[in-house]
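*Asks:* One structure, pasted below without further comment.
The values are calculated or read from the model by the stated rules, or taken from the named source; none is laboratory data. Bear in mind that the values here come from a model prediction, so they are computed numbers and not experimental data. Cβ placement follows ideal geometry from the backbone for every residue including glycine, while neighbour counts extend to all protein chains displayed.
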Amino acid sequence: MATSSKLLRNRAINQAGIGCPSSKPPAARNKIRHWLNEQESEKAIELGRKVLEKEARKYKQNAKDLLENEKVLVCCLTMEPAK
């Protein structure tokens, strides 16, 4: 089942005419896809920041201090993304 962000992305691509081979050149399709991916990435980073801050407050920690802690950073970088 597709997530809502994927549905919105597909809708934006279809509205831009990307599905029709003659409507947009490949460079235009790639630019639109790139922009959409950047938007999703920014949203994911912001969501991750909010979750980290919420969890840090729950354990009476400072999110900035956690990010500066090398062990926590290594742990976060080695985790597999959620599916």
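*Asks:* Would you mention how many residues in the range 47-72 are surrounded by 11 or more Cβ atoms within 10 Å (Cβ to Cβ) and outside any helix (DSSP H, G or I)?
*Replies:* The qualifying residues number 3.
*Asks:* I would also like to ask the following. Step by step: first the residues of the range 26-44, then only those that are surrounded by 10 or more Cβ atoms within 10 Å (Cβ to Cβ) and of a type in the set (A, V, I, L, M, F, W, C), then the one that is modelled with the lowest pLDDT. Which residue is that?
*Replies:* The qualifying residue modelled with the lowest pLDDT is A28.
Every residue, every condition in (1) of a type outside the set (A, V, I, L, M); (2) at pLDDT below 80, yes or no:
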residue: L7; (1), (2): no, yes
residue: N14; (1), (2): yes, yes
residue: C20; (1), (2): yes, yes
residue: K54; (1), (2): yes, no
